[in-house]
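Reviewing the structure listed below.
A short reminder: the numbers here are calculations on the coordinates, not readings from a lab. Just so we're clear, the structure is a prediction, and the values are computed from it rather than from any experiment. Cβ sites come from the backbone with ideal geometry, for glycine too, and all protein chains shown count toward neighbours.
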């Protein structure tokens, strides 16, 4: 047992070919373990969330009842991406656990959809949204330290309110970016190895070793995404997070939630 | 670690005497078990140390798996019946001669004496990259070496490819599909019967297997219904050598004719895809049509719709077209003085 | 005896008066060869059939890469396995060393030669190390435990890829063999085969790349022709020939690389006893394998000559050689060295079919571009030939050069130029294969000749006839200051064509050819072919025992041609001994064998009937001398016949049994105590061992001859092609052999049709397939590389026939020439020409032909396939 399955290249060299597929189960178990761990932590160990500052109630009343959080294009992107991602995961891993169907066409088409949606997202986020709003900044890191210390019973100032995205959102996005870019970039080159109307087939763009590493990275990111998507869905469905989750459907959050958790100064308004 | 071929490694050999014993063994050893019929395919793999099962279940001692018997007006052929016995069987000859012709075109007399009908339909592909032990998709790897800009793929697929471009090499398979044969499969939990055309699967569905058989499954018999008994048959195999050679393309057709018109027809080809291909569109287009050159030409054109040749196998497209034509009109026998 | 002699004999050749062949008792008659029963009953023991207590087995670790360098090998885990006895690498083998032949000619050590094992593998499948263990299974498992680190080096499997600017080199030093100019006065001699001349100087490896301009016509299928790497040769006025031509054709043709496909792989077994090594393996010469083993094992005497005294070689049966086992195979030293290392225990190395594919060698493909000038009658005025030989990774193969000589012989162009390239590729080693170069010459030129016949409106048989060699036909380039061209002893190819045309009903068939019926079409083809057919100067040795039986000592390899027995029928006939009183002693150098030719280059029937003739003369002379001693008078007063030596005209005499007894009493030269001075050292050793057992006769063949001995064949074929599938088959086949006197008709027929079939294989499907990206072979098994089967030839329908002219060669006392090589090219080209007759001239530009190429040609209207890509 290991992470990477090796095989003999035609020249008799040991080259990686892909991950061991039992890692699918490892990822699922990791996801489930996280749920359980998180539930236990919340139930027995977590302290009430406190923020260093707040918006005075008078100011809150001036806010609209619904605060715009996700634009329509952003929401569309999310759901397209979600659909593609789930299609990709199921088409990739169901055959590996014994469900026989013609998975490859679902997989590559979903892969192309995902890739296009990511390209759209990068452009949209760079030019039409506040690009930096999703990346952890100095305050986020300081506050993460504060939260940790406070959770350990040490003395630390209360953390400040978030910008548009809470720290865990940002961390999750970072993980998704890494995993997503890994699968899409490797997946893009894999498109040259199968029959699609897009490219002329050429399995020899890279050597055996590079190919093997590419498949390995694709697989690792893929099983990583199993866990990540499980966690994502878990959080989205948690009762206390539903207030945020609904914004991915309706585009807005309630002003009370906004005022409590978000610092208007750190939440820079974006173009539609 | 160095690689060596052509020396059979050690394994545990079981020679069960009954189907039940065989199924118990297959159930117990799961994917570690290798089912061996005549051994013609198995020994290649084993000797080359490419497939390394720890357990080999040799079916040669199971008497109930051999022989041809009458069944519902048709016949049931035990999976371990040798190709020679199939070819020589009087009922096969009389009613289902296309199967005799197909089976007789396989390999060489020596191989047909040893090779079985079950083995012939369940054999693995002969793609020379795969058979050389290259770690291709079919072998669990990540490349099809036969579908690259420089690959030598004269004997590979022109249709039904999905990453893997290997072809099914069976000569009896298309004949069985033309006869609407039923494959009787048993495992520990019971028996199921699969139409011959659905017995074979392509790489899109499962790139590691050529048939629906999974670990624990055993093909025990092949039933041929009486439906096509005595129909007008056509079988032809095109190969490089007249003996001891796999098909480049083969074709099997069973046809019922009413006067000049084709009443019904079943047609299957092999050597063009990873599974034998039943030409359903061609069949549908021919029903009720006169059996003449025009129908044959149209059918030939229809058969190659969507064919996607590789660098070296473009010839299979006209070959398939011409074989379909011939299957409909029959060969014009050259009569030389 | 004497045997029929026609025509002019060279000066000094004592030509016995012709006799009526009907009076022959043995020569020209069929008989049961001494090895036959064992073969049909499965009792014959080939090298790998031997077993002995404690025998160990070898498996080889083969290179996985087409070219590389072994950086490190870790055998510790393998050696630690129970049952593993030893592992050797090239470092355990004796280094190549120079040696002397018994004629004093230096054989320089070839540092670039195949050594059996290597640290710089040159092709996938080259053995790197050998594991010796108690069983093959243990040895194989041990190999899987060996860690080997190989640095990959640049590789190339296609000569035209290597010759391109910037193309990879197969060897670190370069990609081509560059030959120094050949030594003078060897005009027409096949390089390195037969004869006793000085070996040609060793070629060197250099890097040669052609220019992009050279490749201008490559895509159109015309072979590029950059600067050649061997000295060009020419004769006649080529410019004038092309100027005066009625038709000029410029064609490129690619012939295939083909494995020898010996049914017996080159397995070998060896053990040591009392300082002697006993070696079992297949060979094409029992006698000459002994010095080869001595050279490979580094066993030389004080004079640097191979020391044969410590070698016993056993090879009673050989399952085919075809040029690949001329003196066995160097890999036999692996069990020899292992056995020595392990105290002499028998060590068996059985090679598998896959290993045989790698190590069994192959015919080099020669791609030829030939420009030929014809006059309007079809006579070839000039031929400008350029050949590129894919020489594999070891040994400079002379096939392209030989192809030029054979072309000049078979087609007798009035002017000719030859330029050649020998390119190194990372593919298995090449070696001579039946008609090396001759087969390729015929394959390259015959389609062109058939095309010319159609364009000029000349009958194909006639165009062959008009260009055929006749009598002491000249061939090859001139040599020496006067540019004297060599010539053959005799050629009756025109008679062969005439006889064949008649028996094949050529004119009748031609009148309606190509014959079309439905989607089938039939075509007919004719081809000539020829190759060297004999050498001279070897020894004959026989023993008349005291019971009157005659024992013929045969150093000829028993590779299925039956010449190891056939040639001695000449001596038996001359001595008047019935065949059932004759024994053939063969296959074991412990049994006292004489120095003998190798059965390569179709030498044996010619060379060894001459030796048989010489030894029979010696025996007769000794019998007469003994009779004269015993009964008085002069030897000339006695005659030998009917197992007796007796006074001419009747009177006193004695049986051979009595003469043998008397020879022992007289001793000296008569019972082997005093060997003739001029026989080979090996023969002398054998004579010494036989001394005192009866009348020992020994003689070296010194019968004069003038020309070089070549044999010929005229071959006819009819094919039927199915235009809807591209499938074709041969419906009729006939080969007429011009091989001099027929010694053993059945064996001759077997050779004529067997070698024709070998040639047919080149036309209809036998080939190599390489993946060029990895440089690895794909068609390693019979079902992939497709040697012809019995159903590929019309033998079953009785339509595969042969005949021999049976016209004796005037320059050899027996009149017989060799046959192995000559039919090969004809078998290939007669089929190719029949195919173009059926389908047209533009259907192919390479062999083999297969259904796919034909169907695509018919579909697209142009020659299909990638014309200049190797190994597809």
Any idea what log10 I(q)/I(0) is at q = 0.21, 0.23, 0.27, 0.29 Å⁻¹ for segment C:678-724, Debye with uniform C-alpha scatterers and no solvent?
-0.87, -0.92, -1.05, -1.12
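Apply the a/c threshold of 1.5 to the C-alpha gyration tensor of chain B and tell me whether it is rounded, prolate or oblate.
Details: a/c = 1.92, a/b = 1.28, b/c = 1.50.
Note, shape of chain B comes out oblate.
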Considering all projection directions equally, how large on average is the shadow of the alpha-carbon convex hull of segment B:248-337, in square nanometres?
6.8 nm²
Need one word for the protein assembly as shown: rounded, prolate or oblate. Basis is the Cα gyration tensor (sqrt eigenvalues a ≥ b ≥ c); a/c below 1.5 gives rounded, then a/b vs b/c decides.
prolate
quick shape note, segment C:306-361: Cα extents on principal axes in Å, largest first -> 32, 23, 20
In vacuum, with every alpha carbon of segment B:148-276 counted as one equal point scatterer, what does the Debye formula give for log10 I(q)/I(0) at q = 0.11 Å⁻¹? Two decimals, please.
-0.45
Rg [Å, one decimal], Dmax [Å, integer] - segment B:97-199, C-alpha atoms
15.8, 47
What is the order of C:857, C:315, B:189, fewest Cβ neighbours within 10 Å to most?
B:189, C:857, C:315
For chain C, I need the span (max minus min coordinate) of the C-alpha atoms along each principal axis, in Å, sorted largest to smallest.
84, 73, 56
Using just the C-alpha positions of segment C:476-524 as equal point scatterers, what log10 of I(q)/I(0) does the Debye formula give at each q in 0.17 1/Å?
-0.68
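Counting each pair of different Cα atoms once, what's the Kirkwood radius of segment C:788-840 in Å, rounded to one decimal?
Working: mean 1/r = 0.0719 Å⁻¹.
Kirkwood radius, segment C:788-840: 13.9 Å.
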Each label sits 7 Å from Cα toward the beta-carbon; between residue A:234 and residue C:588 the label points are separated, in nm, by 8.2 nm
Of B:76, C:724, how do they rank once you tally other Cβ atoms within 10 Å and put the fewest first?
B:76, C:724
May I ask for the Rg/Rh ratio of segment A:58-165, computed from Cα atoms with Rh as the Kirkwood radius, given to two decimals?
1.16
Kirkwood hydrodynamic radius over Cα pairs of segment C:761-872, then Stokes diffusion coefficient at 25 °C and 0.890 mPa s, in µm²/s
146 µm²/s
With a ≥ b ≥ c taken as the square roots of the eigenvalues of the C-alpha gyration tensor of segment C:17-148, please select rounded if a/c is under 1.5 and otherwise prolate if a/b is larger than b/c or oblate if it is not?
oblate
At 222 nm, what helix-only mean residue ellipticity would chain C give, in deg cm²/dmol to the nearest 500, using -39500 (n - 2.57) for each DSSP H run of four or more?
-7500 deg cm²/dmol
Quickly work out the residue A:78-to-residue C:113 label distance, labels modelled 7 Å from Cα along the C-beta direction, and quote it in nm with one decimal.
8.0 nm
Once label points are set 7 Å from the Cα along Cα→Cβ at both residue C:483 and residue A:44, what is their separation, rounded to one decimal in nm?
10.6 nm
To check my understanding: the extent here is largest minus smallest coordinate of the Cα atoms along each principal axis. What are those three numbers for chain A, in Å, largest first?
72, 42, 33
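How would you rank A:170, C:147, going from fewest to most other Cβ atoms within 10 Å of each one's own Cβ? Don't skip to the answer; put the middle values down first.
On the way: A:170 20, C:147 13.
With the fewest neighbours first, A:170, C:147 line up as C:147, A:170.
Based on DSSP H runs of at least 4 residues, each adding -39500 (n - 2.57), what is the mean residue ellipticity at 222 nm of chain B after dividing by all its residues, to the nearest 500 deg cm²/dmol? Write down the numbers at each step before the final one.
On the way: 13 runs with 96 residues, N = 337.
-7500 deg cm²/dmol, from helical runs alone.
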Which whole-number percent of Cα pairs in segment B:1-133 have a distance greater than 24 Å?
37 percent
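Hey, with R₀ at 51 Å, roughly what FRET efficiency would residue A:100 and residue A:137 work out to, going by the Cβ-Cβ distance, to 0.05? Write out the running numbers ahead of the final one.
Details: r = 48 Å, r/R0 = 0.95.
After rounding, the FRET efficiency stands at 0.60.
Based on Cα coordinates alone, diagonalise the gyration tensor for segment C:686-753, multiply each eigenvalue by 5, take square roots, and list the semi-axes in whole Å, largest first. Don't jump to the answer; show the numbers that get you there.
On the way: eigenvalues 431, 58, 21 Å².
In descending order the semi-axes read 46, 17, 10 Å.
Provide the three semi-axes, in whole Å and in decreasing order, of the ellipsoid equivalent to segment C:537-700 as defined by the square roots of 5 times the Cα gyration tensor eigenvalues.
Values: eigenvalues 135, 52, 34 Å².
They are 26, 16, 13 Å, listed from largest to smallest.
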